[in-house]
Each structure stands twice: as C-alpha cells, then as structure tokens.
Amino acid sequence: MIRHAVAHRQQSMVAIKALTFVMFMMFAMTTDSVGLIIPEIIKTFRLSMTAAGTFQYATMAGIALAGFFLGHLADTLGRKPTIVAGLTLFAISSYLFAAGNSFVYFSILLAVSGIGIGVFKTGALALIGDLSKSTKEHTSLMNTVEGFFGVGSIIGPAVLARLLATGASWKGLYVLAGTICAVLILIALGARYPHTMKSGQESMDLKHTVAAMSNRYALAFSLGAFLYVAAEAAVYVWMPTLLAGYRGPAAALVAYSISIFFILRSAGRFVGSWMLQRFYWTSVLALFSGVILICFVGAVMGGPGAAVYLLPLSGLFMSVIYPSINSKGISCFPKSEHGSVAGVILFFTCLSAVLGPLAMGAISDAMGHPKYGFMLATAFAGLLFAGLLMNWIFDPTRELLSRLDRTEYS
C-alpha cells in the first residue's frame, strides 16, 4: 500500500514537471519570435524601429506588471489556481489575434497576453521550489525548464518563417500557441500538485511583494537579471535588423541567425543543467558572462561580418545565466515566499526586456544605424560580467543557501 502510494506520487511529480516544461515551451513560441514579426509590422504599418518595438514592449510590460502586482497569488491562492488562471487569459488573448487587424488592437492583446504569462509563470516558478529537494537541484531544474523555453524559441521562429514563406499571416503563430495552451489547461485541471509549504507568517499579499524588493538578495539578483536580459534581448529583437544589409560570405546564415542563437541557447541550458550539478555555480556564471562580453565587443568592433558569427554564438554562453540567477534569487527565501520573490525578479526581468530594446531602438534611430544600439548592449554585458565576477570572488549567498538547504529542502 505504501509502495503504491509512493509510486503514484512519483508519477504525479513526473507529470507536473512535464506540464511545466511544455508550458514554458509554449509561451516562448510567441515571445521569442518577435524579432521576425517586427520587420513585418514595420512594412505593414510603416513604423519606426522604436514604434514597431511595441510588439516587444507591450508583452514584457504586461508580464512585469503581473509579476509585481500578482506574483503573490502563487503563495496566496496556491500554484495550481494561479497557473490555470494565467493560462486561460493567455489562451483567450492568443485566439483574439485572428479577429482584428490594427496596430493598437494588437498592442492591447500583447499586453493582456503578457499579464497571463506573468501570472502562470510566477506560479510555475514557485512550483519549481516545491518540486526540488535542494537549492542545487532547484538550479538544475530551473535550467531544464528554461531549456524547454529554448525549444519553444526554436519552434516559434521556425513555424513563423514557414507561415511567412507561404504567404500566411504571422497571426497563425498565436492561434497555434493558444491551442497548445488550451490543452495544457485541461491537463493542469486534472493534475495533482505537490503540497505548498506554508509559514507561520500572515498571508502573502502585495505588501509582502513590496517588502521583498527591499531585501538585498532579491535586489542583487533582480539587477543581475535586468542586465542579462538587456543583453539577450538585444540579440533576438535587433540582430535581424543589424544584419539586414549584410552581403558578405556568411549571408546565408543571416536568415537562420536567430534560430542558431536559440538552438545554441537551448542546448546550452540542458548541458548547463548537467554542469551545475558538478561545478559550483558562481564560477560557471562568471566564466560564461565573460565570454558573452567578448562576443559583444567583437560584434561591435568587427561589424556585421563578425556579428553574424559572434551574436548567435553568444547564445551558447547565455544559456545558464538567467535560469541560475533566477533560481538562486528565489532559493534565498523560504518556499512559502517563492511566488512573491519570483514576481519581483520577473518584474525586473521584463522591465529590462522593455527598456533595453527601447533604448537600443531609440539610440539606433537617433544615430542612424543599429550598431549604436549594440554598443549600449555591450555596456550591459560588461556590467553583468563585473557583477558575476564579484559574486564569484566573494560568494555572499553561500551561508544563506546552505542554511535554507537544511531548513526548507531536507
């Protein structure tokens, strides 16, 4: 009887993990295809780079606001209701893309879909803590989850490229994502989620989220996420524009540059999940961020001829940075607070995904060439490397993570 119960519980955990993996893959299909949609929007509505970037800004603004104002729902209502509510909102907004054809309409839907993503993503991020047995396993699992996000980043642009090649609308990608989401909702409703650890504190609310923002660990990891995402978004949002006029010997790679970037990033996350089980995370992040900086410096100094190789290659080394920063930031808190803290880090993540490309687009418009925007992205990569190098040298969270391993995961 006991053996049967244990086996059933293990099967439930496998099912919940699989559901979480596919969830991240599904929404990445849309969010990481924006670099290919923006040129279509520019042609259709005759917009500047800054204005067309709304397709990036609106989604990320919605995710950021949901992360900050609604992140606590994962702690208050529970993981399952939060995930189902967010998935439902995302599915509805995705299907509605087929019903309109104006830039303002699309922008509103993108913001609404972003709110849905923010809700179910904070629920899923909090759930990862419930599924983990140590802070080290938490980081490894987070990399695996983000690896599936990377798979979605490959599938989305590939599907979109096929749609555009056949003369179909890019809106078909959102209809496909909405359909996958509807299936996930049905599965989530029937799944048995693990018990969420509760603390003796008062119930979580927005005030608790605000209080988390004053915590030095939450702020430090949020800043790291901000700098990383600003550099990453530079590649998948503006790399196609930077390489648009390239006619050199690697011209054939331009059409596949984003796909190569996402393939390398996805592969790197699965490898990173293995690496972080065997090597200490601070050294891995410092080393990889240094190589990212080298790629950006080389792309700026070498021009499109170097960027066509170096910017996609940077995806391999970006792979473990964000999942590990996110995981360690969340792991610095008790499991009962994971939803709120995940919301804080997600807020800064998406704030960067809005402000980074916006600043790059504005600088590129003002100076007349996207290379100037990539100079700003290189500065972000430099600051990220400096911060992770200091983190490697001083390792300020070692004692805290060790204590939480004993009290929260044992």
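The values are calculated or read from the model by the stated rules, or taken from the named source; none is laboratory data. Keep in mind that this is a model prediction, so the values were computed, not measured. Using ideal geometry, Cβ is built from the backbone for each residue, glycine included, and neighbour counts are taken over all protein chains shown.
Checking each residue in region 313-337 for being crowded, with 24+ Cβ neighbours inside 10 Å and either over 17 Å from the mean Cα position of the chain (by Cα) or hydroxyl-bearing (S, T, Y) (or both) picks out S314, S319, S324, S327, S331, E337.
Residues in region 202-216: is at least one in a loop (DSSP other than H, G, I, E, B), at pLDDT 85 or above, out of contact with any Leu (no Cβ under 7 Å at 6 or more places or on another chain) and surrounded by fewer than 18 Cβ atoms within 10 Å (Cβ to Cβ)? Yes.
Scanning region 13-37 for residues that are under 17 Å from W238 (Cβ atoms) and either surrounded by fewer than 17 Cβ atoms within 10 Å (Cβ to Cβ) or at pLDDT 85 or above (or both) yields T31, S33, I37. Would you be able to say whether some residue in region 385-400 is of a type in the set (S, T, N, Q), in a helix (DSSP H, G or I), out of contact with any Ser or Thr (no Cβ under 6 Å at 6 or more places or on another chain) and crowded, with 17+ Cβ neighbours inside 10 Å? Within region 385-400 (the criterion being of a type in the set (S, T, N, Q), in a helix (DSSP H, G or I), out of contact with any Ser or Thr (no Cβ under 6 Å at 6 or more places or on another chain) and crowded, with 17+ Cβ neighbours inside 10 Å), the answer is no, since none of the residues qualifies. Could you check region 59-106 and list, in sequence order, the residues that are among the small types (G, A, S) and surrounded by 20 or more Cβ atoms within 10 Å (Cβ to Cβ)? Selection gives A61, G62, A64, A66, G67, G71, A74, G86, A91, S93, S94. Each residue in region 38-55 was checked for being assigned to a helix (DSSP H, G or I) and touching a Phe, Trp or Tyr at 6+ places or on another chain (Cβ under 9 Å), and 10 of them qualify.
Would you confirm whether or not region 112-129 contains a residue that is in a helix (DSSP H, G or I), among the aromatic types (F, W, Y) and over 20 Å from E232 (Cβ atoms)?
Of the residues in region 112-129, the ones in a helix (DSSP H, G or I) are 112-129.
Now narrow it down to the ones that are among the aromatic types (F, W, Y): 120.
Applying the additional criterion that residues be over 20 Å from E232 (Cβ atoms) yields 120.
For region 112-129, residues in a helix (DSSP H, G or I), among the aromatic types (F, W, Y) and over 20 Å from E232 (Cβ atoms): present.
The residue list L351, L388, L358 contains one member that is more than 24 Å from G114 (Cβ to Cβ), touching a helix residue (DSSP H, G or I) at 6+ places or on another chain (Cβ under 7 Å) and not β-branched (V, I, T), which is L388. Each residue in region 18-32 was checked for being within 13 Å of the chain's Cα centre (by Cα) and of a type in the set (S, T, N, Q), and 2 of them qualify. Return the total of residues in region 324-343 being touching a Ser or Thr at 6+ places or on another chain (Cβ under 7 Å) and under 22 Å from F262 (Cβ atoms). Number satisfying all stated conditions: 2.
Within the group L313, L227, which residue is closer than 21 Å to L383 by Cβ, of a type outside the set (F, W, Y), touching a Gly at 6+ places or on another chain (Cβ under 8 Å) and in a helix (DSSP H, G or I)?
Numbers: L313 fails: touching a Gly at 6+ places or on another chain (Cβ under 8 Å).
Unique residue meeting the criteria: L227.
Checked against the criterion of being within 26 Å of E399 (Cα to Cα), part of a helix (DSSP H, G or I) and over 15 Å from the mean Cα position of the chain (by Cα), region 352-359 contains not a single residue that satisfies it. Scan region 237-249 and tell me whether some residue there is within 19 Å of A379 (Cβ to Cβ) and assigned to a loop (DSSP other than H, G, I, E, B). Within region 237-249, not a single residue is within 19 Å of A379 (Cβ to Cβ) and assigned to a loop (DSSP other than H, G, I, E, B). For L110, the stated conditions do not hold, so it cannot be described as modelled with pLDDT of 90 or more and under 18 Å from S259 (Cα atoms). In region 227-235, is there at least one residue being over 16 Å from G373 (Cβ atoms), β-branched (V, I, T) and surrounded by 24 or more Cβ atoms within 10 Å (Cβ to Cβ)? Scanning region 227-235, I find no residue that is over 16 Å from G373 (Cβ atoms), β-branched (V, I, T) and surrounded by 24 or more Cβ atoms within 10 Å (Cβ to Cβ), so the answer is no. Residues that are farther than 20 Å from V235 by Cβ and in a helix (DSSP H, G or I) within region 252-296 comprise S273, W274, M275, W281, T282, S283, V284, A286, listed in sequence order.
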